[in-house]
Amino acid sequence: MKRTRVVHVVQNLNYGGMERLIADLVRCTDPERFESDVIVLQYLGRFARGLARFAKVHLVQPRPGWSMLWPKGLIRQLREIAPDVVHSHSGVWHKASLAARRAGVPRLVHTEHGHSMYKSWVARQIDRMAARRTDSIVVVSEELRNGLAERLGLDSSIFRVILNGVDTAVFRQRPDNGRIRERLDIAADQPIIGSVGRLEPIKGYEVMLRAYALLLSRWKRGPPPLLLLVGEGSERGRHEALARQLGIDRSTFFLGWRDDIGDLHAAFSLFSLSSYSEGTSVSLLEAMSAGLCPVVTDVGGNAAVLGPDLAHRLVEVGSSDALAEALMSALTDGAARRDGKLARQRVESKFSLTEMAERYTRLYLGVG
């Protein structure tokens, strides 16, 4: 039986929730039914490592400035591969959809993993054109479906919701082996607030830094908690300066991107996000799968990820005071361990990686 050939198109496969998700999706796609390719338009990055065992990985560059109007290199690459399906991802929708149609690809699927707070009128019109060329448009949360439909002026019924999933066998609860605490010289009894995400404006880390400063000013029991921020981005320098200004720079650690996420999860006392917007956060799913109590802003898909049993851990967006109170509560109310178990159960039951992969494969076949 002839396998269906699927080509994923993405900007890069470096650190980030979307990039990890794409790599996981490729690994989980049934090789007996599908042949997978990945086209990367910028550079390969962390999640390209080992991916060649599951897909053919192509790097299309350099790209001239006018490639938005005529993505010649991408068109040529798609014609050579001759896929049955092109699956584009956030950031490449217009270019991938134009190239796929020019190359005669029969089916185009696009996944919008989140949306920018700063989409211009021109960008919205470009996305509308891409939508007209696309057979199936996927979003990763109900909130994102409604937001994208409103932004593009389209009926929400044309968007399909496929929830993100994570590998619960990889991201699991494990005892703290002490490696992170030893490397950072953190005492065994010192609480750690952990967060994993891009240091970009949409993630709102200035809110978390101010909340952490408030928390320390109110802390009255035992060793004060530390704050570990895992990730990189354009805001890192500004956030480091803010930490110095707030007087929390000695207890705030900017760790950059790390590969030892399992060790970090095991060391964290809880997991927090202060985002202004989210689709379905992969870093949140991974932390919950690892049995961490979540304290996150009530935006995007976060409420759906936490579900009714953990709704009390949602926080008003943009409020450092509310986040400080929520973090204090999670660190002192004695229920964080119970909520960590509920978080793990929630991910196991609702955010399976295999279920996500199967829903995409049905979509590739035009039956989903």
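What follows is calculated from the coordinates using simple rules that are stated; it is not laboratory data. Worth saying up front: this structure is predicted, and the values here are computed from it rather than measured. Heads up, the Cβs are rebuilt from the backbone with ideal geometry, glycines too, and the neighbour counts pull from every protein chain shown.
Things worth noting here:
- Most mobile listed residue (GLY178, GLY91, GLY301) in the chain, GNM with C-alpha springs under 10 Å: GLY178
- Between ALA188 and GLU240, the FRET efficiency from the beta-carbon distance, with R0 = 30 Å, is close to 0.65.
- Think of each Lys and Arg Cβ as +1 and each Asp and Glu Cβ as -1; about the Cα centre, that makes the dipole of the stretch 251-368 roughly 340 debye.
- Label zone at ARG362, where the point sits 7 Å out along the Cα-to-Cβ direction: the stretch 145-167 residues whose backbone N lies under 14 Å: 160-163
- Within-14-Å neighbourhood charge of ALA343 [Cβ basis; K, R +1; D, E -1]: +4
- Paramagnetic reach from ARG124 in the stretch 147-162 [backbone N under 16 Å; point 7 Å along Cα→Cβ]: 147-156
- Choice from ALA123, ALA304, ALA82 showing the highest fluctuation, given a GNM over the chain with Cα pairs closer than 10 Å: ALA123
- Basic side chains Lys and Arg get +1 at the Cβ, acidic Asp and Glu get -1 at the Cβ, and with that the dipole of the chain about its Cα centre reaches some 1100 debye.
- Among ARG132, ARG236, ARG101, the largest mean-square fluctuation in a Gaussian network model of the chain, built with springs joining Cα atoms closer than 10 Å, belongs to ARG132.
- Dipole magnitude (debye, nearest 20) for the stretch 94-228, charges at Cβ of Lys, Arg, Asp, Glu: 320
- Site pair GLU355 and ARG218 shows an inter-label distance of 3.6 nm when each label is modelled 7 Å from Cα along Cα→Cβ.
- The helix-only estimate of mean residue ellipticity at 222 nm for the chain, built from DSSP H runs of length n ≥ 4 each weighted as -39500 (n - 2.57), is -12000 deg cm²/dmol after division by the residue total.
- Once the chain from LYS72 to LEU44 is taken as fully extended at 0.36 nm per residue, the excess over their C-alpha distance is 8.1 nm.
- Signed unit charges on C-beta, dipole axis of the chain, positive-most listed residue ALA336, VAL230, GLY178: VAL230
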